[in-house]
Amino acid sequence: MNTISSDIGLPTSDFLNSPKKQGYTFPAEWVRHEATWLSWPHKEASWPGKIETIYQPYCEFIKIVATSEKVRINVKDEAMKAFAIAELEKVEADLSQIEFYFFETNDAWCRDHGPAFVVKDGDKAVVDWGYNAWGDKYPPYDLDDVVPTKIAKHFNLPLFNADIVMEGGSVEFNGAGTILTSEACLLNENRNPHLNREQIETYLKEFYGAEQVLWVGDGIVGDDTDGHIDDITRFVNEDTVLTVVETNKDDENYHLLQENLERLQQMTLLDGRKLNIVKLPMPSPVIYDDTRLPASYANFYIANAAVIVPIFDDVNDQKALEIIQGCFPDRPVVGINSVDIIWGLGSFHCLSQQEPAPYPPKGEQNSLC
């Protein structure tokens with residue numbers, strides 16, 4: 001069998017026409033968007049006993065995003081669309097900026113099941129990774145799994161199918177060839193047990209158009225995704241990351257976050273630079289129904305108009321907002337209460353997926369820290 005290399009044992013045919021081979025790359029999140037994609041929350045089992053409480057902060061999020069880009073929302077039918085419009089009207093969101101698409105979903109976590117948009121010379125294409133609801137934890141997920149393909153076909157965009165399981169929340173990008181991810185998630189046997197680390201890196205590089213994959217260790221306590229990077233460490237420019245740390249040595253997150261910090265301190269980028277590391281506090285434990293929830297300020301979303309941060313009625317809320325604001329002098333940082341949303345075990349970044357603008361000006365909106 002022909003392989004990319006005799007060492008990794010992957011078929012050449014998987015990569016002959018990969019996005020990377022065709023010149024596509026995945027832009028950093030701070031590059032200008034055309035739109036943000038969402039899947040309207042409807043699965044009560046994701047927020048048992050309190051789904052009705054999440055619509056107000058969810059719509060506040062949409063309202064802010066819609067001030068400077070389109071918001072494209074997947075809904076099941078006209079009834080769900082009407083319900084969504086009624087909720088959006090309560091917060092006075094600009095409905096002229098909001099579009100609805102009848103792409104039915106199983107759940108709301110569009111970061112993970114939504115389209116991954118790659119770009120080349122202003123043109124866009126979609127990558128459709130395999131999706132199994134974080135290791136087959138929450139079936140059914142058949143509707144979620146085909147969302148990217150439906151979107152690509154609707155907009156007549158080139159489509160690349162990557163024959164491995166991957167979620168958008170498990171990877172973070174600096175827009176200059178580097179991907180950051182976690183071992184706990186992508187090396188978990190509930191995703192791709194037939195692939196080793198080097199093989200997974202090959203898929204990531206080929207389908208995201210990257211040159212380098214860097215690995216931290218574990219994710220935060222309560223994260224049912226097995227350690228998504230978007231709850232831990234986020235790029236804010238090409239060489240700077242915000243990473244959460246826990247100062248309470250008795251907290252369950254203390255040692256694992258210290259280990260991640262030590263790994264980050266040893267990493268180098270493609271040009272040999274060390275990472276510029278900015279520490280972000282963790283909120284106090286958020287407990288509901290005797291369950292510790294994966295509350296993290298790192299689950300922020302970088303929209304055109306603002307950086308939207310989950311906050312938790314916590315003493316560290318303001319400190320976290322100020323630290324994040326220091327990394328984004330080009331747009332305001334806005335906190336939205338996420339105490340109810342986090343009961344679903346994710347927040348604003350988990351719920352959203354960016355669609356880059358067709359022709360982002362070079363160098364535009366590169367954040368500083």
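The values are calculated or read from the model by the stated rules, or taken from the named source; none is laboratory data. No experiment lies behind these values; they were computed from the predicted model shown. When we count neighbours, we look across all protein chains shown, and the Cβ atoms used for this are built from the backbone with ideal geometry, even at glycine.
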Inset, instruction - Would you please name the residue that is surrounded by the most Cβ atoms within 10 Å (Cβ to Cβ), looking only at residues in the range 232-253 that are in contact with a Cys (Cβ under 8 Å, 6 or more places away or on another chain) and not β-branched (Val, Ile, Thr)? - result: Leu242
Legend entry - Criterion (within 21 Å of Gly23 (Cβ to Cβ) and among the acidic types (Asp, Glu)) met by exactly one of Glu198, Glu183, Glu189, Glu206: Glu206
Legend entry - Number of the condition not met by Val307 [criteria: (1) aliphatic (A, V, I, L, M); (2) more than 25 Å from Trp47 (Cα to Cα); (3) touching a helix residue (DSSP H, G or I) at 6+ places or on another chain (Cβ under 7 Å)]: (2)
Inset, instruction - Sort out which residues of the range 75-106 are surrounded by 21 or more Cβ atoms within 10 Å (Cβ to Cβ) and under 23 Å from Asp145 (Cα atoms), and write them in order of number. - result: Val75, Ala84, Phe103, Thr105, Asn106
Legend entry - Selection within the range 64-74 - crowded, with 19+ Cβ neighbours inside 10 Å and either under 15 Å from Asn337 (Cβ atoms) or small (Gly, Ala, Ser) (or both): Ile64, Ala66
Legend entry - Restricting the range 51-69 to residues that are among the β-branched types (Val, Ile, Thr) and assigned to a loop (DSSP other than H, G, I, E, B), the residue that is nearest to Gly344 (Cα to Cα): Ile54
Inset, instruction - Return the pairs, sorted by first residue and then second, in which the second residue is of a type in the set (S, T, N, Q) and surrounded by fewer than 18 Cβ atoms within 10 Å (Cβ to Cβ), the first residue lies in the range 168-197 and is under 12 Å from His228 (Cα atoms), the beta carbons are less than 9 Å apart, and the residues are 6+ apart or on different chains. - result: Leu187/Asn196
Inset, instruction - Among the helices (runs of 4 or more DSSP H) lying completely within the range 75-154, list those that include at least 3 residues that are under 25 Å from Trp343 (Cα atoms). - result: 78-90, 110-113, 133-136, 142-145
Inset, instruction - Identify the single condition in (1) of a type outside the set (Asp, Glu); (2) surrounded by fewer than 16 Cβ atoms within 10 Å (Cβ to Cβ); (3) at pLDDT 95 or above; (4) closer than 30 Å to Lys137 by Cα that Ile54 does not satisfy, given that it satisfies every other one. - result: (2)
Inset, instruction - For the range 20-38, state whether one or more residues are modelled with pLDDT under 95, over 21 Å from Phe103 (Cα atoms) and either assigned to a strand (DSSP E or B) or under 19 Å from the mean Cα position of the chain (by Cα) (or both). - result: no
Inset, instruction - Answer yes if at least one residue in the range 172-181 is over 18 Å from Gln354 (Cβ atoms), modelled with pLDDT of 95 or more and part of a helix (DSSP H, G or I), and no otherwise. - result: no
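Looking at Gly272, is it assigned to a loop (DSSP other than H, G, I, E, B) and closer than 23 Å to Trp109 by Cβ?
no
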Legend entry - the range 293-346, residues that are among the charged types (D, E, K, R) and either modelled with pLDDT of 95 or more or in contact with a strand residue (DSSP E or B) (Cβ under 6 Å, 6 or more places away or on another chain) (or both): Asp313, Asp314, Asp317, Lys319, Glu322, Arg331, Asp340
Inset, instruction - List every residue pair whose Cβ atoms sit under 7 Å apart, with the two residues 6 or more apart in sequence or on different chains, where the first one lies in the range 109-134 and is under 13 Å from Lys153 (Cα atoms) and the second, anywhere, is among the polar types (S, T, N, Q) and outside any loop (DSSP other than H, G, I, E, B). - result: Pro115/Gln353; Asp128/Thr149; Asp128/Asn161
Legend entry - Scope the range 152-178; condition farther than 23 Å from Asp123 by Cβ, among the small types (Gly, Ala, Ser) and in contact with a Leu (Cβ under 7 Å, 6 or more places away or on another chain); matching residues: Ser170
Inset, instruction - Please find, among Lys63, Lys90, the residue that is under 25 Å from the mean Cα position of the chain (by Cα) and either among the basic types (Lys, Arg) or closer than 30 Å to Gly177 by Cβ (or both). - result: Lys63
Legend entry - Residues of the range 281-311 that turn out to be in a strand (DSSP E or B) and within 18 Å of the chain's Cα centre (by Cα), as a count: 7
